[in-house]
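Data first, discussion second: the structure below is written as structure tokens.
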Amino acid sequence: MTEPYKNADDILIELRSLQRLFHRRKVLDIDQLALMRGHRYALVGANGSGKSTLLKLLAGVIKPTGGEIVYHGLDGEYDRAYLPQKPYRFSFSVRQNVIMAIPDKAMDKQQRRQQAEEALRRLGIEALADAKGNKLSGGEGQRLALARLLAMPHRLLLLDEPTSATDIAGNELFEEALKNYLAQNQSTLIFATHTLSQAVRLADTVIFLDDGKAVEQGPPEQVLYHPQSDGGKAFLRFWQG
């Protein structure tokens with residue numbers, strides 16, 4: 001399944017006969033999929049549908065069992081940034097947790113500190129700059145992890161359930177900071193979420209995964225509220241109660 005596009009130069013990533021097996025079980029099986037520059041994709045589906053596996057493959061954390069992922073123009077060391085479901089937080093200060101994501105060659109020491117503090121401010125956790133990173137709550141830790149990503153420009157952001165532990169206020173700060181970053185850097189966003197309203201707010205395209213296959217793709221309102229596949233209809237019934 002390939003998203004319609006007018007210009008092949010707009011393609012950022014192509015998936016070709018992509019498969020991933022786990023304990024001999026096929027957990028991902030995507031025949032064909034094109035992901036476009038500057039688009040915002042929400043990966044939606046039940047637990048075990050392949051969302052996290054797809055993100056890990058795109059991030060290079062794991063390798064395909066079969067097929068290939070073709071990247072167009074993503075050759076730089078910092079072009080891709082990946083935020084797992086449970087991001088690691090180091091025991092030193094929150095500020096230093098962010099500074100370490102900014103390479104020395106990018107700017108001098110004072111600039112790195114300022115950049116880190118600005119990223120923390122955008123996420124509403126600047127008051128925690130001197131706190132220990134590994135002592136934060138789950139929601140604060142997710143905002144710290146996003147601040148690390150936002151401290152540098154990336155062409156592709158890969159986020160796995162990025163607000164699963166945040167409260168309403170933290171979620172609003174998270175989404176606003178992310179939207180501003182995407183607009184400023186013209187980045188492509190691919191994120192997994194169980195929150196349908198978040199998919200509507202952040203994505204221009206939803207990819208519905210069912211049993212490892214990308215069975216539907218289109219605007220959020222179409223895929224989430226008027227699904228065509230049996231899996232999509234069952235998923236919608238579940239979330240509507």
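The values are calculated or read from the model by the stated rules, or taken from the named source; none is laboratory data. The model shown is predicted, which means the values in this text are computed figures rather than measured ones. Cβ sites come from the backbone with ideal geometry, for glycine too, and all protein chains shown count toward neighbours.
If you take just the helices (runs of 4 or more DSSP H) that sit entirely in the range 165-241, which of them hold at least 2 residues that are over 22 Å from ILE13 (Cα atoms) and acidic (Asp, Glu)?
Those helices (runs of 4 or more DSSP H) span 168-185.
Among the residues of the range 113-152 satisfying the criterion of being in contact (Cβ under 8 Å) with a residue 40 or more places away in the chain and not in a helix (DSSP H, G or I), which is nearest to ASP75 (Cα to Cα)?
Out of the qualifying residues, it is MET152.
Is it fair to say PHE208 is among the aromatic types (Phe, Trp, Tyr), closer than 18 Å to LEU159 by Cβ and surrounded by 20 or more Cβ atoms within 10 Å (Cβ to Cβ)?
yes
Can you find, within the range 101-112, the residue that is surrounded by the fewest Cβ atoms within 10 Å (Cβ to Cβ) among those that are part of a loop (DSSP other than H, G, I, E, B) and touching a residue at least 12 places away in the same chain (Cβ under 8 Å)?
PRO103
Given the options ALA177, ALA169, ALA183, ALA165, name the one that is without any contact (Cβ under 8 Å) to a residue 24 or more places away in the chain and surrounded by fewer than 23 Cβ atoms within 10 Å (Cβ to Cβ).
ALA183
Could you grab the pairs with beta carbons closer than 8 Å, sequence gap of 6+ or different chains, first residue in the range 31-51 and more than 19 Å from ASN185 (Cα to Cα), second one of a type in the set (S, T, N, Q)?
Listed pairs, sorted by first residue: ASP31/SER17; GLN32/THR2; GLN32/SER17; LEU33/THR2; LEU33/GLN217; ALA34/THR2; LEU43/THR193; VAL44/THR193.
Assuming SER91 fulfils every condition listed in (1) in contact with a strand residue (DSSP E or B) (Cβ under 7 Å, 6 or more places away or on another chain); (2) small (Gly, Ala, Ser); (3) free of Cβ contacts under 8 Å to residues at least 40 places away in the same chain apart from one, which condition is it?
Failing condition for SER91: (3).
Within the range 86-111, how many residues turn out to be basic (Lys, Arg) and modelled with pLDDT of 95 or more?
Residues that pass the stated criteria total 1.
Cβ contacts < 6 Å: first residue polar (S, T, N, Q), restricted to the range 216-241; second residue surrounded by 13 or more Cβ atoms within 10 Å (Cβ to Cβ) and outside any loop (DSSP other than H, G, I, E, B), any location; separation 6+ or different chain. Result?
Note: pairs meeting the criteria are GLN217/ILE207; SER229/VAL215; SER229/GLU216.
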